[in-house]
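One structure is given below, encoded as structure tokens.
The values are calculated or read from the model by the stated rules, or taken from the named source; none is laboratory data. This is a predicted model, so every value here is computed, not measured. When we count neighbours, we look across all protein chains shown, and the Cβ atoms used for this are built from the backbone with ideal geometry, even at glycine.
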Amino acid sequence: MVDVFAFLIEPLPAGDAVTPLAGTFREVDAREPALRVGELSTQRGDGIFETVAVINGYAQEVEAHLARLQRSAALCDLPAPHLPQWRAVVAQAVAALPRSGEFALRMVLSRGVEHGPAPTAWLTVAPSADFAGAREWGIRVVTLERGYAHDLAERAPWLLLGAKTLSYAVNMAAIREARRRGADDVIFVSSDGFVLEGPTSTVILRFGAQIVTPRPSASILHGTTQLSLFEHLQAQDTDSIYRDVPVADLVRADAAWLVSSVRLAAPITAIDDTPLPTRPDETAAFNEYLRSPRD
Ligand code: PLP
């Protein structure tokens, strides 16, 4: 039975050809404290992360997650991650997992200790939260204001929109607000009336024969699940497009889902108390694809 385990990593400069890489990270006791007081990740949320699903012994979409880690690092002026080093830690962690079951593998790269010489990096693995009910029975969502226009990122890069930073307090507060309103999750909407994303997910909608998802502008994350599912749909010649989605379109949808790496696809049964049709066969097909080994 896997509880939680963790590796501390000495982050190498990108491009550094150190071998063997195994000497640059070590497993630590996940029940013991491992980070230093003064860590900017804990004091200021100053760092970035990725959560990868490991399903039946297979780490899903590792390269897409590493590409986003790289993009987040660039947006946050963090040193570029050493990708072979991260791949080596992921491989070692996955090798220690059972061949069945679902796990969440989290990679974290923080700015390190204040005035310290180097960033801090670590990786944890834990059993996934149980999304079986959400996948099967669906979720109710509410729309909540995010407080900025959907094109703000280009004008205000210091807001780090589009980077997957550790500063998730607002995202978690939004989910608590949804619960207060009798719902399970959230769709954030922009001040100029567009659908953005969930606090930990991407929105996918069906209108008639077409599947639609918000264009990954710099103001929202480009979801690895969104990307993978859309590549799959396009390969099957399913009519599927990325475009800006006005909020008013939400309740006209013929079906809708929140998708993310660990949850996979959860059908939305109601948006702001307006019931939405669900398509159980299509949800099952999405989740069958998302559970299959994917690179
Ligand atoms: N948007 C936000 C804000 C997220 O936090 C996440 C995942 O946690 C996603 C979208 C979906 O990304 P992915 O499909 O890569 O898990």
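Points worth noting:
- Flag if residue 214 is assigned by TED's automatic domain parsing to the domain that holds residue 174 and either free of Cβ contacts under 8 Å to residues at least 12 places away in the same chain or within 24 Å of residue 128 (Cβ to Cβ) (or both): no
- Options 88, 153, 96, 80; residue that is in contact (Cβ under 8 Å) with a residue 60 or more places away in the chain, away from the ligand (no atom under 16 Å from the Cβ) and surrounded by 15 or more Cβ atoms within 10 Å (Cβ to Cβ): 88
- So residue 242, is it touching a residue at least 60 places away in the same chain (Cβ under 8 Å), surrounded by fewer than 18 Cβ atoms within 10 Å (Cβ to Cβ) and among the hydroxyl-bearing types (Ser, Thr, Tyr): no
- Residue, nearest to residue 278 (Cα to Cα), within region 196-218, restricted to residues that are within 11 Å of the ligand (Cβ to nearest atom) and outside any strand (DSSP E or B): 197
- Scan of region 128-148 for residues that are exposed (fewer than 15 other Cβ atoms within 10 Å of the Cβ) and more than 14 Å from the ligand (Cβ to nearest atom), ordered by number: 130, 132, 133, 136, 137, 145, 147
- Flag if residue 63 is within 29 Å of residue 201 (Cβ to Cβ), among the charged types (D, E, K, R) and in contact with a strand residue (DSSP E or B) (Cβ under 7 Å, 6 or more places away or on another chain): no
- Restricting attention to region 43-81, the residues that are β-branched (Val, Ile, Thr) and farther than 16 Å from residue 165 by Cβ total 4.
- Being at pLDDT below 95, surrounded by fewer than 13 Cβ atoms within 10 Å (Cβ to Cβ) and part of a loop (DSSP other than H, G, I, E, B) is a description that applies to residue 115.
- Residues in region 53-87 that are within 26 Å of residue 289 (Cα to Cα), over 13 Å from the mean Cα position of the chain (by Cα) and of a type in the set (A, V, I, L, M): 54, 55, 59.
- Residue 52 fulfils the conditions (1) among the β-branched types (Val, Ile, Thr); (2) more than 18 Å from residue 72 (Cα to Cα); (3) touching a residue at least 24 places away in the same chain (Cβ under 8 Å) except for a single criterion, (2).
- Of all residues in region 89-112, those being in a helix (DSSP H, G or I) and under 21 Å from the mean Cα position of the chain (by Cα) number 5.
- Residue in region 245-295 that is surrounded by the most Cβ atoms within 10 Å (Cβ to Cβ), counting only those that are closer than 16 Å to residue 225 by Cβ and among the acidic types (Asp, Glu): 282
Okay, residues lined up against (1) assigned by TED's automatic domain parsing to the domain that holds residue 196; (2) within 19 Å of residue 76 (Cα to Cα); (3) assigned to a helix (DSSP H, G or I):
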residue: 142; (1), (2), (3): yes, no, no
residue: 147; (1), (2), (3): yes, no, no
residue: 150; (1), (2), (3): yes, no, no
residue: 154; (1), (2), (3): yes, yes, yes
residue: 163; (1), (2), (3): yes, yes, no
residue: 167; (1), (2), (3): yes, yes, no
residue: 171; (1), (2), (3): yes, yes, yes
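- The residues of region 257-274 that are touching a Ser or Thr at 6+ places or on another chain (Cβ under 9 Å) and free of Cβ contacts under 8 Å to residues at least 60 places away in the same chain, listed by number, are 257, 259.
- Of all the listed residues (278, 283), the sole one being within 22 Å of the chain's Cα centre (by Cα), hydroxyl-bearing (Ser, Thr, Tyr), away from the ligand (no atom under 15 Å from the Cβ) and more than 27 Å from residue 161 (Cβ to Cβ) is 283.
- Residue within region 198-207 that is aromatic (Phe, Trp, Tyr) and either buried (at least 22 other Cβ atoms within 10 Å of the Cβ) or under 19 Å from residue 128 (Cβ atoms) (or both) present: no
- The residues on offer are 250, 229, and the sole one that is assigned by TED's automatic domain parsing to the domain that holds residue 274 and within 16 Å of the ligand (Cβ to nearest atom) is 229.
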